[in-house]
1. In the set B:P192, B:P170, which member is open to solvent by less than 60 Å² (accessible area, probe 1.4 Å), without any contact (Cβ under 8 Å) to a residue 40 or more places away in the chain and assigned to a loop (DSSP other than H, G, I, E, B)?
2. May I ask you to say which residue of B:V204, B:V248, B:V213 is of a type in the set (A, V, I, L, M, F, W, C), over 25 Å from B:G36 (Cβ atoms) and in a loop (DSSP other than H, G, I, E, B)?
3. Could you list, in sequence order, the residues of the range A:18-72 that are open to solvent by 60 Å² or more (accessible area, probe 1.4 Å) and among the aliphatic types (A, V, I, L, M)?
4. Condition (residue is closer than 23 Å to A:S406 by Cβ, at the interface with chain A (Cβ under 10 Å from one of its Cβ atoms), open to solvent by 20 Å² or more (accessible area, probe 1.4 Å) and of a type in the set (D, E, K, R)) applied to the range B:58-73: is it met by at least one residue?
5. Check A:Q389, A:Q449 and return the single one that is modelled with pLDDT under 95, out of contact with any strand residue (DSSP E or B) (no Cβ under 8 Å at 6 or more places or on another chain) and surrounded by fewer than 21 Cβ atoms within 10 Å (Cβ to Cβ).
6. Pick out the one residue from B:V129, B:V137 that is more than 27 Å from A:G152 (Cβ to Cβ), facing another protein chain (nearest Cβ under 10 Å), open to solvent by 20 Å² or more (accessible area, probe 1.4 Å) and touching a Lys or Arg at 6+ places or on another chain (Cβ under 9 Å).
7. Looking at the range A:406-441, which of its residues are of a type in the set (A, V, I, L, M, F, W, C), facing chain B (nearest Cβ under 9 Å) and either within 16 Å of the ligand (Cβ to nearest atom) or under 20 Å from A:G35 (Cβ atoms) (or both)?
8. Could we say that A:P217 is at the interface with chain B (Cβ under 9 Å from one of its Cβ atoms), at pLDDT 95 or above and closer than 28 Å to B:V206 by Cβ here?
Amino acid sequence: MQISTDTKLFDDLSAVLGSRARSGDFELGLYGKDGSVLEGQPAIVCLPVDTEEVRQVVRICHDHGRPFLARGSGTGLAGGAVPVGDPVIIATAKMNKILDVDLDNRVAWVEPGVLNLDLSKELSPLGFHFAPDPSSQQVCSIGGNVANNSGGPHCLAYGVTSAHVVAIEVVLPDGSVTVLGDLTAEPHGYDLRGIFVGSEGTMGVATKVAVRLTPNPPSVRTLLLDFADVRDGAATVSAIIAAGLIPAALEMMDKRAIEIVEAFVNAGYPTEADAVLLVELDGLPGGVEHGVEVIREVAARHEVGNIRVAVDNEERELLWKGRKNAFGAVARIKPDYYLHDTVVPRGKLVEVLEKVYNIADAYDLIAVNVFHAGDGNLHPILAYDSNEQGVMERVHAAGRAIVTASIEAGGVLSGEHGIGLEKRDYMGMLFSSHDMATQDLIREAFDPQGLANPLKVLPSGSRCSDSFRQHVPEGAWV
Amino acid sequence: MSSEDQNSQEILDFASQVGASGPVTVVGGRTQWQVGGLPDPGAREVVAPSGVWSHQPEEMTVRCGAGTTLKELSEQLAKHGQMVPLDMDPTATVGGVLAVGRSGIRRLKYGHVRDLVLQIRHVDHEGKVVTSGGPTVKNVSGYDLCRLLVGSLGKFGCMAEVILRCLPVPQTTRWLSGPADPFEVYSKLYRPSSILWNGEQVWVCVEGVSSDVDAEAGLLDLEEVEGPPDLPTGRRVAVEPKSLKDLVPDGRSWVAEIGVGIVHTNDADTGWRVPEPNYSLMLDLEHRLDPTGRLNPGRQVVEA
Ligand SMILES: Cc1cc2nc3c(=O)[nH]c(=O)nc-3n(C[C@H](O)[C@H](O)[C@H](O)COP(=O)(O)OP(=O)(O)OC[C@H]3O[C@@H](n4cnc5c(N)ncnc54)[C@H](O)[C@@H]3O)c2cc1C
């Protein structure tokens, strides 16, 4: 590290932020990791309170030729917020205000540090919510949702974050402030908003976000279906969609997931079942009841065991509690877990699930599956104990095998967690070098110096001018 | 040759038609040919491959050549009770509709056309094929170039093949009309498909299972009609949805999409100011993706 430059940089940042520019060991210790197993080395952390402060911080970084990294809640699972390439960390935790709820436009302007669930809770009395509902919604930030184009169980019917973000105020890597998109249905020019969503912090810092408000459904039904054979469960998923029904959510849990979740939350999940489907239908009452009938019919053709329909809100929440606490429950069997994220065509769910079990067996790991089956989004959890000698090598090798199996089945690298550092070097499995070079041209238009969250998303060599991406720092596993 | 190989060959043939030099322009159904200005007269005309190449009802996705007409697409999908709600002239092509990037009148329910796009293969300025997005209904692998291509008037590349998300055709579709306050109508209904208003009349489209459609229609004091009115074709302006409240019936012809904010009018100038986007970043992108400006020259997305 270049100590003297750092001192000057830190002084410049402190002049803007005072004690909200930090470099103490204790605080830096909090910013080296995100929700993944990857780890980097933070040097300076900034906690700006508004756009103007972010602008000045980015400007200072730009003038020093120093990279920066926007960080929300640090729940990302692909290492997107893990500092590599010595970035100044710009944490949005103090930018957490809901600025304006505009019911006439059905839009709300919020700061990026607002937590996803806080926003929906605030909107609920008005009869609206923010549709993307990642399982981490209690803690993840809207800025992180935008950067990762996050999804959630209810995105099956409502679409992922991109469909719910109409405009974004962004501090670009040169320190200028711009607004991408606007509140009209067809903003002039190219869809810069659309390319920024999902760009994982590599095109600038989102400082304000205009999100679409979705009306709360008048009627909701939640069902739990159990199957003695996971294959019947998966076939039911495809058959429901083929019958022309798009439930609000369609989640699946395998036997091991059911067992550990039930022991953890006592939701009344049938522990003898091989798989369960958690299905939610919402909308106008007629459509919802029709949906329930279609599901009963379709499931009956696929050897369903019991169909439990939640009778009230309390039971409904209990059924969801099981699903939403699945990751926490894994801690009961092993202290650590690695959560994967790939998508396969719905029709290939069974085939790929079987491969996942075989891969886990081959690497002597435990696989637990709880996932967004409705859109083919697999989330195999590999449970392990990091104290075991050499276990990380096996975890990473198994992960690679799972990604490979998904791509071979006609799937993609990630459904919602993004590429970050984790899958950066897998991009070539899905894209040609020319595809990636084209993507890099776009990134370069936003960030010619490569200062915004360097070393993420695209493998090194996608762009020649990138000096930060030549090396992967010690300590970061990629 | 397998049918997939044959489609790949058609894409490669299209790429060599586009080639690596000289001005080219892609011709679709010429239904929105004027949008963004006419291409330079010297530009060589090319036509994208067409055909519904694979429809997987249980995946609710469809892969087709960008030159496929909406008519062909909807006929194929209807065989399995599905649709892609692009809602434009049936002789328009899928690639053309995406390049122009305007949505149809059921936007209120179905969202922007770009949210229906999963994967695009386009031919770039060097005549090379670029793939972006992915074939599955959910995907965040890499930068989402598809978003930029939609509404780009072909200036970033010539679309060759697209994969789109399908939806089930609703059991019942009903249009209602009569004099009513459109904003009151909007607040009464749960996710209607369309609400149009010309200052005197509203037209409402409700879709779903018939009991719901009946119940929603029962909330309104309107008559059943065949379908939407003819829309003025002179100009199309997009404003903030709430600005429509400032519209007054002034005897001139306009039809506004309530909740969406699009106004179809024959007036030359509506007097509405729209926000200025970041033109310099847009021009920079144009330059990087097509340094010599050979793709659809003459057309302008950025009116700087
Ligand atoms: C238990 C668990 C369950 C999860 N479930 C889901 C799920 O169901 N669906 C899903 O999609 N994800 C899920 N995630 C992943 C994660 O929660 C999401 O990706 C979330 O959106 C990240 O938000 P964050 O605020 O934590 O972002 P961070 O982790 O802090 O950052 C993520 C990325 O966003 C960038 N970023 C953050 N803020 C900004 C900003 N203001 N401007 C520009 N870039 C920014 C960062 O640079 C980084 O690249 C889950 C994670 C956990 C731990």
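1. B:P170
2. Unique residue meeting the criteria: B:V248.
3. The one that is open to solvent by 60 Å² or more (accessible area, probe 1.4 Å) and among the aliphatic types (A, V, I, L, M): A:L30.
4. Of the range B:58-73, the ones closer than 23 Å to A:S406 by Cβ are B:58-63.
Then drop every residue that is not at the interface with chain A (Cβ under 10 Å from one of its Cβ atoms), which leaves B:58-61.
Checking the rest, the ones that are also open to solvent by 20 Å² or more (accessible area, probe 1.4 Å) come to B:58.
Checking which are of a type in the set (D, E, K, R) leaves us with B:58.
Within the range B:58-73 (the criterion being closer than 23 Å to A:S406 by Cβ, at the interface with chain A (Cβ under 10 Å from one of its Cβ atoms), open to solvent by 20 Å² or more (accessible area, probe 1.4 Å) and of a type in the set (D, E, K, R)), the answer is yes, since at least one residue qualifies.
5. After ruling out the rest, the residue left standing is A:Q389.
6. Unique residue meeting the criteria: B:V129.
7. A:V412, A:L413, A:I419, A:M427
8. Details: at the interface with chain B (Cβ under 9 Å from one of its Cβ atoms): yes; at pLDDT 95 or above: yes; closer than 28 Å to B:V206 by Cβ: yes.
For A:P217, the condition - at the interface with chain B (Cβ under 9 Å from one of its Cβ atoms), at pLDDT 95 or above and closer than 28 Å to B:V206 by Cβ - is met.
The values are calculated or read from the model by the stated rules, or taken from the named source; none is laboratory data. Just so it is clear, the structure is predicted and the values come from calculations on it, not from any experiment. When we count neighbours, we look across all protein chains shown, and the Cβ atoms used for this are built from the backbone with ideal geometry, even at glycine. Each accessible area value is taken on the protein alone, full model and side chains, heavy atoms only, with ligands, DNA and RNA left out. Shrake-Rupley method; radii C 1.70, N 1.55, O 1.52, S 1.80 Å.
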